[in-house]
Structure formats: C-alpha cells, structure tokens
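Before any comments, here is the structure.
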Amino acid sequence: MDATFTHLVTALRNADIRVSTAETLDAFAVLSHVGIRDKALLRDALELTLAKSRVEKERFDETFERFFKQLAFRVPVKRAMLKDVDREAMLEALRSQTSSDATDAVESVLDDDRDRLAMLVQEAASRLNLGNIRTLREKSYFVDRIADALSVNELDDYVGSAENADSAVRYLRQYFRQQIRDYVDAQYRLHVDATGKRALLVAALDSNLDQIPLEYQHEVRRVVEKLADKLVRDHRRRLRKATRGVLDIKKTLRRNVAYDGTMFDVRWRRHKREKSTVYVLCDVSSSVARVARFLLLFLYELTDVLPNLRAFSFSSRLGEVTDIFRSKASDEAIEDTLFVWGKGNTDYARAFMDFRELCGKDLNNRAVLVVLGDGRNNYYDARPDVFKELSKRVKQVFWLTPETPDSWGEGDSEMRRYAPHCFRVVTCNRIEHIERFAESLLTATR
C-alpha cells in the first residue's frame, strides 16, 4: 500500500498539484486513520490534505479516479463477436500452432477471467519499468513489449495465414492490442501527462501565439504565470547579490559585540539605486491582439519587481490602463483593455503623439520605453520624427513585433522607419520570446 500511495503522489505532482514531503507524511497519517475500505472517504480525506485550491481539487478528483481505474482489460469482450464460436475447436487449433501462453490468454478472455490478464499485464509492466515512460514515442515500444509478454504476437502470426483467417480470433487479437494500448496510455497520463493535455499544450507553445487555439488559452496562461513567477524569483536573487557592496566595518562590529567580536553577523554596504519607470505602449488591434494578451499578462505578473510600471494601449487613440491592472484581476483587466482600446484603425503616429502629450514631461534617462506592435500604420503618415524624439528622452527603447524582418517592408509596414530609433527590436510571437524579453527588461531596469 505504501508503494501504491507513493505512485499516487507522483501522479498528483504530474497533474501540477503541489505536494510537499511534509504533506505526503501528513497524507500517510490520514491514510492510516481512514483506511482503504471506503473509497469515497479515502478520496475526500486525501483531497482535504493535499489539494489547496479549487483548481487543485478538480485535478485531484480527476487524477484519483484515473489512478484507481488504471487496470488493464477493464472493458469486457463483445460476446456478439463470439456467439457462433466453437470454444473447444478454437482452443485446440491454437494449442497446435501457438504456445501455451497465447492459448491461456485467449481462454482467460473466453472465461471472462480478465483479472488474471490484468495481473499478467501489470507484472510485465513492472519488469519493463513502464513507470519510467517519459515521451509519446515510448508508448508504442511498451505496447509491443507487453504484447510479447502475453504472446499476442503469436496470435498475429496465427491470423496472418489464410487458412486461419477466423473472424473471432482476429477480433480477439485486436481486443488484446487495444486493451494493452489503453493500459499504456493510462500509465503515460499518470506518469507524464496526468491532465491529458500536456503533449497538446507543448505543441501549442511551440506554435506562434496568434495560432494557439482558444481552447488552450487557459492552459497557456498557467504556463505564462509559472514562467513569470520563476523569473521574479531569479531576478530577486540576482538583485540581492548585485546590490551587496563592500563590507561595512562599523555596522559589523556593532552587530557582533554580543559575540565577543566573532563575526557571526556580517553587514554589507548597500547601493541605493533609483528605480526605473517602464512605459509600455501596446497595440491591441485585431492583428496583434493575441500576442498583446500574453505580453500584458506577463507584465501583470511582474508588477512586484516592476513597481514603476505604466501601461498604455492603443489602436487609433492611446490611453493609460495602469489603474485597470491595479484594481482588477488579470483576466478582467486584459479583456477590458482589449475591448475598450482595440477598436479603430491602427495609427502609430497618433498614438505616439498622445503618449508625448500624456507623459512627455516625465520621460528621463531612467525611463524605459517598450512598444508592442507590428508597425503597420494603415498608410497613415508614420511620423518617425515623433518616435525619434521620444527615443532620445528615455534610457532605452525596446520594440516587440510579431513579424520577422523580412516582412517589414511589405504593404503598410513602417518598421524600417521606426527600428533605427530603438535600442533593440525583438521578434516576439512565442511564449519563449516574451520570457526572454522580460528577462532583458528586468536587467535594463536594475
């Protein structure tokens, strides 16, 4: 039971439920009190111990049910496919041309002794270390190896000959294969992809942000939040090291008087830095909306380490949305921003002039300007001189565009006129691009 419970904890962690070592020990204690006779009581007790949020509780219920329904051969054979079968004649023919293992497997199905087959599959899986499965490619390998352990390959050879083209045996061969395949798939989900979505999510994350299907938006948001959280932790760690100066002798001596001068509590001089203000101008028109959605989410998650952040959105006119992000949840704030400011034809020149009017006096050599947009101006006057003026007033300018440089000169794109006034122009159409840019931004604002 201890080994089974350990596997359950592993499955829960694979389902993105955070289970610490201490919580695992608590769950063992709960298990010793409630026992395993009442499945509903066991599930509820463990859920209260291990799941901390509503989302985690939903994942717990799903994973718990799947974990205890992972046995092979749970689906009964279709009796309609075997109603005209002469049982003894079939078994006699199989004994003459296959091994006893293959014949015994067929006999177990005919006698509806699926528990025995399930045990054989689990024993084979244990010998093959199926718990170490990590990729989709390995699934077919384990299916073939377990099928060999049950001698299903001998049934393949048996039905391959014309004289033995019996429909019942063909059906049984297919039934064995399907049940083994379902079992391996269940194990893969438990050990690698407990939610059943990770492989699809990885494929989605490898795609451009504007091509991610809507049904995966929520899962991608969770990935963005995790990446931002890791980035914040790493940045704070580096910042603590970077702001540590030389040894402060006076403070160190005063702090260690109680220790007879032994340097237990070392004090360092701290470099006080004036924090930068980050101005984000985000094109939220329909052509850039999906990329803008994830950039705004990433910046929302970085507000703890970017306290001086002012966000602006535009399509035709520009407006500040900083207060919206401070007063509302991320989902609601982003949707409101896209709805209010995502209307009209994109006009970068108008947006830059609006920004100059709103913040021109506040720009200085500690400010960082970030622009997200494709630079497509609907053939309006681009006014690169206005953007050049803004660029000279700030410390650095980053421009994030979902388009690659080879498309900058096509149609109404004005990127070739804006790019010379930027510190860096970054192609940004994937999550990894936003993550890389966010790290550069945190470095620039130190």
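The values are calculated or read from the model by the stated rules, or taken from the named source; none is laboratory data. These figures come from a predicted structure and were not determined experimentally. Note that each Cβ is placed from the backbone with ideal geometry, even for glycine, and that neighbours are counted across all protein chains shown. Surface accessibility is based on the protein's heavy atoms, side chains included, excluding ligands, DNA and RNA. Shrake-Rupley method; radii C 1.70, N 1.55, O 1.52, S 1.80 Å.
Here are the numbers:
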quantity: Ratio of Rg to Rh over region 1-119 (Cα coordinates, Kirkwood Rh, two decimals); calculated: 1.20
quantity: Per-residue SASA entry for Trp268, accessible area with 1.4 Å probe, Å² rounded to 10; calculated: 90 Å²
quantity: Aspartates and glutamates whose Cα lies under 14 Å from that of Lys388, excluding same-chain neighbours fewer than 8 positions away; calculated: Glu414
quantity: Within-15-Å neighbourhood charge of Asp347 [Cβ basis; K, R +1; D, E -1]; calculated: 0
quantity: Rounded to the nearest 10 Å², the accessible area of Met119 at probe 1.4 Å; calculated: 100 Å²
quantity: Candidate aspartates and glutamates for bridging to Lys78, where Cα separation is under 19 Å - those fewer than 8 sequence places away on the same chain excluded; calculated: Asp86, Glu88, Asp104, Glu107, Asp111, Asp112, Asp113, Asp115, Asp166, Asp182
quantity: Residue-level accessible surface for Tyr259, protein heavy atoms, 1.4 Å, Å²; calculated: 110 Å²
quantity: Taking N as its residue count, the alpha carbon Rg of region 1-56 over 2.2 N^0.38 Å; calculated: 1.04
quantity: Straight-distance crosslink candidates among aspartates and glutamates, where the alpha carbon sits under 17 Å from Lys250 and sequence neighbours closer than 8 are dropped; calculated: Asp260, Asp265
quantity: Rg and Dmax of region 327-377, Cα atoms only, in Å; calculated: 13.5, 33
quantity: Gyration tensor (alpha-carbon) shape descriptor, region 390-446, a/c threshold 1.5; calculated: oblate
quantity: Gyration tensor (alpha-carbon) shape descriptor, region 35-95, a/c threshold 1.5; calculated: prolate
quantity: Of Lys361/Lys395; Lys328/Lys361; Lys328/Lys392, those spanning more than 22 Å from alpha-carbon to alpha-carbon; calculated: Lys328/Lys361; Lys328/Lys392
